[in-house]
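Take a look at the structure below.
The values are calculated or read from the model by the stated rules, or taken from the named source; none is laboratory data. Everything numeric here is computed off the predicted structure, so don't read it as measured data. All Cβ positions, even for glycine, are placed from backbone atoms using ideal geometry, and neighbour counts span all protein chains on display.
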Amino acid sequence: MLCEHEMATEPVPPRTPGCEECLKTGMRWVHLRLCLTCGHVGCCDSSPGRHATRHFHQTGDPVVASWEPGERWAWCYVDQAEVDVPAEADPYLR
């Protein structure tokens with residue numbers, strides 16, 4: 001599924017090699033998500049910090065993609081739905 005929020009994004013490279021906030025504070029994460037709007041790398045909702053979702057609430061950036069090796073899926077926070085990974089994001093995924 002494509003959504004209007006996903007179609008409006010122009011994916012950019014990740015800004016950090018792991019969860020941006022966890023790296024600063026020494027916290028651990030479970031899985032990583034890449035913001036397709038600004039390149040923020042945040043941890044998933046199963047992680048203590050839930051930084052990917054927190055980033056959405058702070059910025060309104062709507063779509064993240066899994067930043068786990070071999071995974072190809074994306075999530076739109078606004079529509080609360082799984083969406084297709086835009087082809088433009090492929091070079092930035094692991």
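What the table shows:
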read-out: Qualifying positions in segment 66-86 - closer than 16 Å to Cys19 by Cα and out of contact with any Phe, Trp or Tyr (no Cβ under 7 Å at 6 or more places or on another chain); value: Trp67, Glu68, Pro69
read-out: Matching residues, segment 1-18, being surrounded by 15 or more Cβ atoms within 10 Å (Cβ to Cβ) and at pLDDT below 95; value: Cys3, His5, Glu6, Thr9, Pro11, Val12
read-out: Residue within segment 19-38 that is in contact with a Pro (Cβ under 8 Å, 6 or more places away or on another chain), exposed (fewer than 15 other Cβ atoms within 10 Å of the Cβ), in a loop (DSSP other than H, G, I, E, B) and modelled with pLDDT of 95 or more present; value: yes
read-out: Members of segment 39-94 found to be part of a strand (DSSP E or B) and buried (at least 17 other Cβ atoms within 10 Å of the Cβ), listed by number; value: Val41, Gly42, Cys43, Val63, Val64, Ala65, Ser66, Ala74, Trp75, Cys76, Val83
